[in-house]
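Structure record follows, encoded as structure tokens.
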Amino acid sequence: MSIGEESTLAARVGLILQQIDALPTLSPVAIRVLELAGSHDGQIEEIVQLIESDQSLSAKLLALTRRADLGLGGGVQRIERAVLMLGLDAVRAAVLSFEVFEALESGRGIEDDTMPEEPSLAGYDRRKLWRHLIACAAAAELLAERHQVRDEVSPDEAFLCGLLHDLGMLALDRVLPRTFAKAAAIAEQRQTSISAVERQLIGLDHHVAGKRLAEHWKLPQVLQDVMWLSGHSPEALPDLDHRPTIALVGVAAEVARQQHLGWCGDFRPPRDLRELMSASGLSPTDLDDTVSALHERVADRARLIGLDDIEDKQLLVQSLVEANRKLGRLAQLFEERSRQSRSHGQSVRAIGKFLAPGEPPRTLNAAFAKIARCAGELAGAKFCAGIVQAREGAPWQLFEHTGEGESVGTPRPVEFPGREGEPPLAKIADMGAGAPELMAELMPQLSEPLRSNEPRVLPMVSGWGPTAIMLTDADLGPAVGDEAMLRLVLGVWAASVASATQQAGLRRLGERLSDASRQAGEMQAELVEARAHRRLAEIAAGAAHEMNNPLTVISGKSQLLAGRLRDPEQKRAISDVVSSAGQLAALIEGLHFFASPPAAARDITSVGSLVQGAIEDAQRRIGIGDDQMLGDDTEHFRRAVPEVHIAIDRRAEVAYLDESAVRIAVTELLTNAFEAEPDGPVLVEVQPTPSGDRLELAVIDDGHGLSDQAIHHACDPFFSEKRAGRQSGLGLAKAARVAEQHGGRVELVRAERGTRASISIADWRADGVARAA
């Protein structure tokens, strides 16, 4: 039991004890009479005056003296004479008997005061319990009169102890009438003592409740000990001063039980009375005499207390009727147990078959098919459906099968519960009053065969897996025997569903591990490539630095020499030197940019102006090229520039980026698109990605496209599939470096015809920059 459960139980027990403390107390007259009668110096005159002050008590005490067995006839008319005739012990016993009966017989219980009473399955009612208490008191009185405990236990004290020994039952009946009636029914169903059931249902038994009531009423210690310990066997009693009295009451209670006098709540097999008497220090030789006088004594004492007016012969007949009723009830229980045993056997065989060694269901559909076959064998189910949520947050899935395990339709999502604030999956087990609402929600989603057969809802709960819902057209309860067996069967089925769910989870985990391994390989390749690029950048930076100074000298001297030469052939030759020096200077500038790109100097930028500028730069590069440097061969390299269409999302009209750097990158993308010799116009699209965290500038053409090698290596420095001498192979490498500076990348995708090249930019939103400023 958890700490929380223990705390809850302790609070419940405390509340019950408080309610016992709230029961009616004995009258002040009765309390004072008990005090005086129990003391050695008690004054008879004061006792007489107290009794005379209570007319009801006086009448009952005079009625006691007029009983024929006292031999007084009808001559006693005065309380003083009655007290002298009876003795103080008898007066105390009589007064307490009268008071207790009135205190506990008046009123209703506290637990269900507004609820209608229902008959107990065990045949319990309060009057029968009173009759048992009186029978126990009479048996204790007879035992004290006839046996060797005369000097230790007086008959009057024995009567009083027997009458009050199970008073805790009456207290619980007053405080928790419906729970006590349920405990009585369960005790007879299980053929056990009600004490064990009380502890299970309530948290304490009637012995503890009786002791608390005795303390509340301030009864003598001997009565408190009897009410607390009378349920123990004589061998288990502690060594107390009152041990003989407690043992005698235990024997008397067993005698009354075996004579079927009233109702005692103990359905265990009867004990051997003679052995019990010997263990209690009593002589078993006069047991028959005690039993033969018991019915007459019980009838007399019952009339005296006011329980009923019945003759001893009628009481004997009622005892026989009660004995026959118990025999009939035992026969009924035996038949129920036999039926349950047969059902349990069938259920155990079905579960054994369900759990037989073999390949376990690897999918949820296979698990529910197996469950449907088991339900068909157990209860003749024709159609079954399973609803499960493989993991929290996942959609609910519906699986439908026939009783032979054949699928009805295909597994599909189902709307359940579909509302915010629903409890976690494991708590759905206790359907209770929610089942009608659940059915109203599920019924339209079921297939016709199951929908038309009024399916029953059964929660399947596993301690190590998900909770599933089972719907079937058969009543599994009677088929398996009882609720405990039904829970067992449903638990086995739930474990199968949980196992299939975990199998699916393991498969998903394997797929994820495979994806992760693949991604790790790709990341490793990218890391190697990045290291190679970094090393190449370092080499390129060094080479550019070393080549720049000699190139400057070559370019300057060549231009001076070109101005002095007059021979056309020599002039053309030196012009080629100047042109080549310019190309080499551009290459060195590109190497510088690739090796050490400047940090992005972001600012709020008009994207439309940026794109238009990049288009003009690319058109000049492709349409004009280096005409001034090429002399008579200019027309050979001149080509038509494709038309360009621009589509800018209104959300991306202004962006936060480095305008000059991004313009260079877009120019390189456009240049590649123009050189792909497209048939139609080139499209420039600018829009946020679906998540909105990046801005994407894409250039789309319908040209000759890229090879697989180009897709993977187009951004590598000096890579080009064009004929030698046409390009340096640094254009897309420079664009990739610009993208890196903006937290993005360049991506090339082969379209149905042509290529889609894009550059992405992170943290691009200008409105956020404006608000921060």
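The values are calculated or read from the model by the stated rules, or taken from the named source; none is laboratory data. Remember, it's a predicted structure, so these values are computed and weren't measured experimentally. Here Cβ is always computed from backbone atoms with ideal geometry, including for glycine, and neighbour counts include all displayed protein chains. For the accessible areas, the whole protein counts, side chains as well, though only heavy atoms, and no ligand, DNA or RNA atoms are used. Shrake-Rupley method; radii C 1.70, N 1.55, O 1.52, S 1.80 Å.
Below are the figures for this structure:
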{"item": "Search result, residues across segment 355-375 that are open to solvent by 20 Å² or more (accessible area, probe 1.4 Å) and assigned to a helix (DSSP H, G or I)", "result": "Leu364, Asn365, Ala366, Lys370, Arg373"}
{"item": "Unique residue being open to solvent by less than 70 Å² (accessible area, probe 1.4 Å) and either farther than 30 Å from Ala379 by Cβ or modelled with pLDDT of 70 or more (or both) when the list is Leu513, Leu551, Leu509", "result": "Leu551"}
{"item": "Criterion violated by Ser660 - all others in (1) out of contact with any strand residue (DSSP E or B) (no Cβ under 9 Å at 6 or more places or on another chain); (2) buried (at least 19 other Cβ atoms within 10 Å of the Cβ); (3) hydroxyl-bearing (Ser, Thr, Tyr) satisfied", "result": "(2)"}
{"item": "Residue that is touching a helix residue (DSSP H, G or I) at 6+ places or on another chain (Cβ under 8 Å) and not hydrophobic (A, V, I, L, M, F, W, C), where the choices are Gln191, Gln221", "result": "Gln191"}
{"item": "Residue within segment 174-188 that is within 20 Å of Ala138 (Cβ to Cβ), touching a residue at least 60 places away in the same chain (Cβ under 8 Å) and surrounded by 23 or more Cβ atoms within 10 Å (Cβ to Cβ) present", "result": "no"}
{"item": "Filtered residues of segment 619-647 (kept if within 30 Å of Asp767 (Cβ to Cβ) and either crowded, with 16+ Cβ neighbours inside 10 Å or modelled with pLDDT under 85 (or both))", "result": "Val644"}
{"item": "Single residue of Lys370, Lys382 found to be over 16 Å from Ala495 (Cβ atoms) and either in contact with a Pro (Cβ under 9 Å, 6 or more places away or on another chain) or of a type in the set (Ser, Thr, Tyr) (or both)", "result": "Lys382"}
{"item": "One residue from Glu102, Glu45 being surrounded by fewer than 12 Cβ atoms within 10 Å (Cβ to Cβ), at pLDDT 70 or above and part of a helix (DSSP H, G or I)", "result": "Glu45"}
{"item": "Hits in segment 440-493 (condition: part of a loop (DSSP other than H, G, I, E, B) and at pLDDT 75 or above)", "result": "Leu446, Ser447, Pro455, Asp473, Ala474, Asp475"}
{"item": "Residues being outside any strand (DSSP E or B) and in contact (Cβ under 8 Å) with a residue 12 or more places away in the chain - total across segment 661-698", "result": "23"}
{"item": "Some residue of segment 309-326 being of a type outside the set (Lys, Arg), open to solvent by 80 Å² or more (accessible area, probe 1.4 Å) and at pLDDT 70 or above", "result": "no"}
{"item": "Residues of segment 376-402 that turn out to be part of a loop (DSSP other than H, G, I, E, B), touching a helix residue (DSSP H, G or I) at 6+ places or on another chain (Cβ under 9 Å) and without any contact (Cβ under 8 Å) to a residue 40 or more places away in the chain, as a count", "result": "1"}
{"item": "Which numbered condition Glu740 misses (of (1) modelled with pLDDT of 85 or more; (2) within 54 Å of the chain's Cα centre (by Cα); (3) not basic (Lys, Arg))", "result": "(1)"}
{"item": "Matching helices (runs of 4 or more DSSP H) fully within segment 167-240 where at least 1 residues are at pLDDT 90 or above, more than 42 Å from the chain's Cα centre (by Cα) and closer than 30 Å to Val29 by Cβ", "result": "221-229"}
{"item": "Residue count, segment 50-77 (criterion: modelled with pLDDT of 70 or more, more than 30 Å from Leu294 (Cβ to Cβ) and exposed (fewer than 14 other Cβ atoms within 10 Å of the Cβ))", "result": "2"}
{"item": "Unique residue being at pLDDT 80 or above and open to solvent by 80 Å² or more (accessible area, probe 1.4 Å) when the list is Arg756, Arg745", "result": "Arg745"}
{"item": "Among residues of segment 224-245, those that are touching a residue at least 24 places away in the same chain (Cβ under 8 Å) and in contact with a helix residue (DSSP H, G or I) (Cβ under 9 Å, 6 or more places away or on another chain), counted", "result": "8"}
{"item": "Verdict on Ser496 being open to solvent by less than 70 Å² (accessible area, probe 1.4 Å), at pLDDT 70 or above and not hydrophobic (A, V, I, L, M, F, W, C)", "result": "yes"}
{"item": "Some residue of segment 285-303 being under 27 Å from Leu96 (Cα atoms), at pLDDT below 90, touching an Asp or Glu at 6+ places or on another chain (Cβ under 8 Å) and small (Gly, Ala, Ser)", "result": "yes"}
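Results for (1) modelled with pLDDT under 90; (2) open to solvent by 10 Å² or more (accessible area, probe 1.4 Å); (3) touching a Phe, Trp or Tyr at 6+ places or on another chain (Cβ under 6 Å), shown as yes or no for each residue.
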{"site": "Val684", "(1), (2), (3)": "no, no, no"}
{"site": "Pro690", "(1), (2), (3)": "yes, yes, no"}
{"site": "Leu695", "(1), (2), (3)": "no, no, yes"}
{"site": "Ala710", "(1), (2), (3)": "yes, no, no"}
{"site": "Gly725", "(1), (2), (3)": "yes, yes, no"}
{"site": "Ala733", "(1), (2), (3)": "yes, no, yes"}
